[in-house]
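Encoded as structure tokens, the structure appears first; notes follow it.
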Amino acid sequence: MFVRQMLSSALHFGACKITYLTLKTGRVDNIEKSEEDTCDYRGLQLENGLKVLPISDPKTDVSAAGFAAQIGHMSDPDDLPDLTHFCEHMHFLGTEKYPHENYLSQSGGSSNASTYPLMTKYHFCVAPDKLEGALDRFAQFFIAPLFTPSATEREINAVNSEHQKKLSNDVWRIK
């Protein structure tokens, strides 16, 4: 199986980690929005170049965050197809700081991700009183994911199954 190759290299694949810095270097408050939009926006650029858009909506009872990485399945190496999709799965399954899986769902929240040809998107939502802890856990997904052998094996099977279902899709077979 093509994804079996991932098992030996996944624990050492550095591209699945993203450096996280909290220092900001720029702030943008002149974000264009509809007159009907009552949300508050603030654009920030972190020292590492990461652009962040915090949004405050006083009408909602849920807190959420998302992250879009400019890498998708079209960037997968020829000898490791679906590597980006595999990393997407693995990021939610424990980190060095928080080794237990499924914290967000255990705390009443939810999370999901999607791998596209040129980008991978991650997001979660939680109750507002859980946001601070959830943000730290979410950041840790990209700082120090565990890639444990048991989760690696399980997610290789999951990604392979999803891949097999998508083979009849012309767009999916481009790469």
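The values are calculated or read from the model by the stated rules, or taken from the named source; none is laboratory data. Just so it is clear, the structure is predicted and the values come from calculations on it, not from any experiment. No Cβ is skipped: glycine too gets one built from the backbone with ideal geometry, and neighbour counts run over all protein chains shown. These area figures cover heavy atoms from the full protein model, side chains too; ligands, DNA and RNA do not enter into them. Shrake-Rupley method; radii C 1.70, N 1.55, O 1.52, S 1.80 Å.
Is there a residue being among the hydroxyl-bearing types (Ser, Thr, Tyr), open to solvent by 70 Å² or more (accessible area, probe 1.4 Å) and assigned to a helix (DSSP H, G or I) anywhere in the range 83-103? Full working, then the answer.
Of all residues in the range 83-103, those among the hydroxyl-bearing types (Ser, Thr, Tyr) come to 84, 95, 98, 103.
If we keep only those that are open to solvent by 70 Å² or more (accessible area, probe 1.4 Å) as well, we get none.
Within the range 83-103, not a single residue is among the hydroxyl-bearing types (Ser, Thr, Tyr), open to solvent by 70 Å² or more (accessible area, probe 1.4 Å) and assigned to a helix (DSSP H, G or I).
For the range 100-107, does any single residue satisfy the condition of being charged (D, E, K, R), modelled with pLDDT under 90 and assigned by the TED database to the domain that holds Asn169?
Initially, the range 100-107 is screened for residues charged (D, E, K, R), giving 101.
Filter once more, keeping what is modelled with pLDDT under 90: 101.
Narrowing the set further to residues that are assigned by the TED database to the domain that holds Asn169 leaves 101.
Scanning the range 100-107, I find at least one residue that is charged (D, E, K, R), modelled with pLDDT under 90 and assigned by the TED database to the domain that holds Asn169, so the answer is yes.
For the range 47-82, which residues satisfy the criterion of being in a strand (DSSP E or B), small (Gly, Ala, Ser) and either open to solvent by 50 Å² or more (accessible area, probe 1.4 Å) or in contact with a Ser or Thr (Cβ under 7 Å, 6 or more places away or on another chain) (or both)? Give the steps one after another, and end with the answer.
Keep residues of the range 47-82 that are in a strand (DSSP E or B), which gives 51-52, 55-56, 63-69.
Right, trim to small (Gly, Ala, Ser) and you get 56, 63-66, 68-69.
Correct list: Ser56, Ala64, Gly66, Ala68, Ala69.
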